[in-house]
Amino acid sequence: MKLLRTKHIILFFVLISVSNLTYSQNNQDFFEEFESLINDEKPSLLPEKMIFTQKILWGNKGLLRKTGISNLTLENREKELIIREKMLNAHQILGYITFAGMIAQGILGGKVYNGDYSYYDTHKTIGKIVTATYFTGAGLSLFAPPPLVSREKEGINNIKIHKILANIHVPAMIMTNVLSDEDKKAHRASAYTAFASYSFAMLSIILDF
């Protein structure tokens, strides 16, 4: 148990260290997009490809366009890129908080699973916090304004791997919560699945390949 806990802590700090490089690159990409948007005489205000959650709010016929809250103009797109940066930064911060919470859950959950119920209430409380930060972080990513241009690469890349892994850890997180009081073994299996796929998803997005 101590060895497992040490490995988790080391992995957590490695991820934070590597993310500093990613954060700098993201800022550079943002300012390049921002400069391009200002200097282009006829700028393309929306990327060719957007995920459906972005289209619902920020698309050419999205909810925010139809209601007039944020009309599709050059000035508004400049503001939206700033909003996007802040939302993705918050998404990243919540990602690390969630990851740390998952580590704590794994340690406490193991004790409860082995019969030490003195940690049960703490385990449940941290579980609620992890659930809140996880789904809040996911929402920030899904509903952030779209970038100026689509940066999707051909073939297998870190972004696609990140999305594929999301299809694993999202349902695993849901099942972890659903099964928390139903089936102890299934709850534990789904929790480990969520943690493993979430960890690899974090690695895939901060490692550029």
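So here's what we get for this one:
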| quantity | calculated |
| --- | --- |
| Residue, nearest to the chain's Cα centre (by Cα), within region 86-110, restricted to residues that are more than 30 Å from ALA144 (Cα to Cα) and either surrounded by fewer than 17 Cβ atoms within 10 Å (Cβ to Cβ) or touching a residue at least 24 places away in the same chain (Cβ under 8 Å) (or both) | GLY106 |
| Residue in region 146-156 that is assigned to a helix (DSSP H, G or I) and modelled with pLDDT under 95 present | no |
| Condition met for GLY127 (closer than 20 Å to TYR192 by Cα and part of a helix (DSSP H, G or I)) | yes |
| Residue check, GLY62 among the small types (Gly, Ala, Ser), farther than 24 Å from ALA201 by Cα and modelled with pLDDT of 90 or more | yes |
| Selection count, region 57-80, where residues are part of a helix (DSSP H, G or I) and within 15 Å of PHE143 (Cβ to Cβ) | 6 |
| The lone exception for ALA166 - which of (1) over 19 Å from TYR120 (Cβ atoms); (2) at pLDDT 90 or above; (3) crowded, with 19+ Cβ neighbours inside 10 Å it fails | (3) |
| Some residue of region 110-132 being over 26 Å from MET202 (Cα atoms) and of a type in the set (Gly, Ala, Ser) | yes |
| Tally of residues being buried (at least 18 other Cβ atoms within 10 Å of the Cβ), among the aromatic types (Phe, Trp, Tyr) and more than 17 Å from VAL112 (Cβ to Cβ) across region 175-209 | 1 |
| Which numbered condition THR131 misses (of (1) in contact (Cβ under 8 Å) with a residue 60 or more places away in the chain; (2) of a type outside the set (A, V, I, L, M); (3) under 30 Å from MET50 (Cα atoms)) | (1) |
| Flag if GLU48 is acidic (Asp, Glu), in a helix (DSSP H, G or I) and either more than 22 Å from ILE205 (Cβ to Cβ) or in contact (Cβ under 8 Å) with a residue 12 or more places away in the chain (or both) | no |
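The values are calculated or read from the model by the stated rules, or taken from the named source; none is laboratory data. Fair warning: this is a prediction, and the values are worked out from it, not measured in the lab. Counting neighbours? That spans all protein chains shown, and the Cβs are built from the backbone with ideal geometry, glycine included.
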